[in-house]
Ligand code: BGC
């Protein structure tokens, strides 16, 4: 089965058709800058452009960087606040003239990694964390997703964790890899105390540079591995979410 995966992020919106049986892209992905402000109509316009660019008709899955329940976007920490309480499934479906499925971006990336990447065949508790503009999380138990976990917003030393530990925080505060790895380690130790996962998968754009910080992480029992689908995980997971096995709403 083929589906179009669209990944809405704080800086770019990316899309590609995906063979969901094997988790590979069927064409080179296209990327359009996220409009600023990232208001619903502006973002819907970009989603429409991407669907048109592939002349796509068929299943469409879209990731969103916030809580998504039953098609409704309930938070939008790094996009315009106008998304909160919107029915994104209806808005985007209307914009593209076809039904769409909408899910959290980290959940989508996690679904893809569990099926085709670093989490393939792993049972027990697996925690995927994406480090980018924010921190996204996806929790799996025996391969089954617990959606919308939002562990990026736990409080660590009195701060919303993503404001100190995201990749954006690393760049904004000009942190060395060592300094940032210390913060990541602190955060992972806290998550481990809560969840005791077998495996922690590190995703997001920074997973490309995993060799700069993963070897520095100490005092964590879980195996820590970088995501293997890298930047395509969101697109692949969005496409997979259109198939009956992943329909969670
Ligand atoms: C949002 C999450 C999202 C993550 C990564 C956080 O700020 O609350 O829903 O998964 O950023 O985009």
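Read-outs: derived from the displayed coordinates by stated rules, not from any lab. What you see is a predicted model; the values in this text were computed from it and never measured. FYI the Cβ positions are ideal-geometry reconstructions off the backbone, even for glycines, and counts take in every protein chain you see.
Working from Cα positions, state the angle (0 to 90°, nearest 10) between the long axis of helix 105-116 and the longest principal axis of the chain. Rounded to the nearest ten degrees, it is 80. All C-alpha pair distances within the chain, sorted into 5 Å bins from zero, spread as 1, 7, 15, 20, 20, 16, 11, 7, 2, 0, 0 percent across the bins. For residue 186 and residue 141, the difference between the fully extended length at 0.36 nm per residue and the C-alpha to C-alpha distance is 13.9 nm. Between 0 and 90 degrees, the angle of helix 40-53 with respect to the longest Cα principal axis of the chain falls at about 70 degrees.
With the chain treated as a Gaussian network of Cα nodes joined by springs under 10 Å, which of 176, 196, 207 yields the largest mean-square fluctuation? Among 176, 196, 207, the largest mean-square fluctuation in the Gaussian network model of the chain belongs to 176. Under the criterion of Cα pairs below 8 Å and six or more residues apart, the relative contact order for the stretch 121-228 equals 29 percent. With contacts taken as Cα pairs under 8 Å and at least 6 residues apart, the chain reaches a relative contact order of 23 percent. With springs only between Cα atoms under 10 Å, which of 92, 175, 156 fluctuates most in a Gaussian network model of the chain? Between 92, 175, 156, it is 175 that shows the largest mean-square fluctuation. In this simple spin-label model, placing a label point 7 Å from the Cα along the Cα-to-Cβ direction at both residue 27 and residue 80 gives a separation of 2.8 nm.
Set the Förster radius R0 to 30 Å, insert the Cβ-Cβ distance between residue 39 and residue 171 as r into 1/(1 + (r/R0)^6), and round the FRET efficiency to 0.05.
Given R0 = 30 Å and the Cβ-Cβ separation, E is 0.75.
Considering only beta bridges that DSSP places wholly inside the stretch 1-106, some 70 percent are antiparallel. DSSP assigns beta bridges within the stretch 121-228; of those with both partners inside it, close to 55 percent run antiparallel. Centroid-to-centroid, using Cα positions, the stretch 108-123 and the stretch 85-101 are 27 Å apart.
I'd like the antiparallel share, as a percent to the nearest 5, of DSSP beta bridges with both residues in the chain.
Antiparallel bridges: around 65 percent, rounded to the nearest 5.
Under 1.5 on a/c is rounded, so check that first for the stretch 121-228, then, if it is not, pick prolate when a/b is larger than b/c and oblate when it is not; a ≥ b ≥ c are the square roots of the alpha carbon gyration tensor eigenvalues. It is prolate, given that a/c is not under 1.5 and a/b is the larger ratio. Each residue, residue 209 and residue 52, gets one label point 7 Å from its Cα in the Cβ direction; the gap between the two is 3.6 nm.
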